[in-house]
């Protein structure tokens, strides 16, 4: 997998040299993280944004609007409503949320993590 990513980066000169990654624990993750550390300059990042809560992103804002002012009698009712929310969204909605992540990351980098503008 990692070698495939490197080949893709090598073949596409227009790819920006910023990559945000997170690995779960395990041998493969350790090996991949080591390779990434050798190939890229690593920028530190805070575990949270000073201006944006972890739940304050594209998907969560929409879901929060969907469930606002609703009262659920039990967990099953909540789960069913979240499933209904997911079904109400088209694929483009989720793609837009993912596509916005690099812009958010670049905004944090540009200000050295001090303040992330909206």
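Tabulated data
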quantity: Gain on full stretching of the segment that runs from residue 106 to residue 79 - 0.36 nm per residue minus C-alpha separation; calculated: 6.3 nm
quantity: Extended-chain gain in nm, criterion 0.36 nm per residue less alpha-carbon gap, residue 91 and residue 41; calculated: 14.6 nm
quantity: Point-to-point label distance, residue 31-residue 70, nm (Cα→Cβ direction, 7 Å offset); calculated: 4.4 nm
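No lab work stands behind these numbers, since they all come straight from the coordinates. Keep in mind that this is a model prediction, so the values were computed, not measured. So basically every Cβ, Gly included, is an ideal-geometry build from the backbone, and we count neighbours across all protein chains shown.
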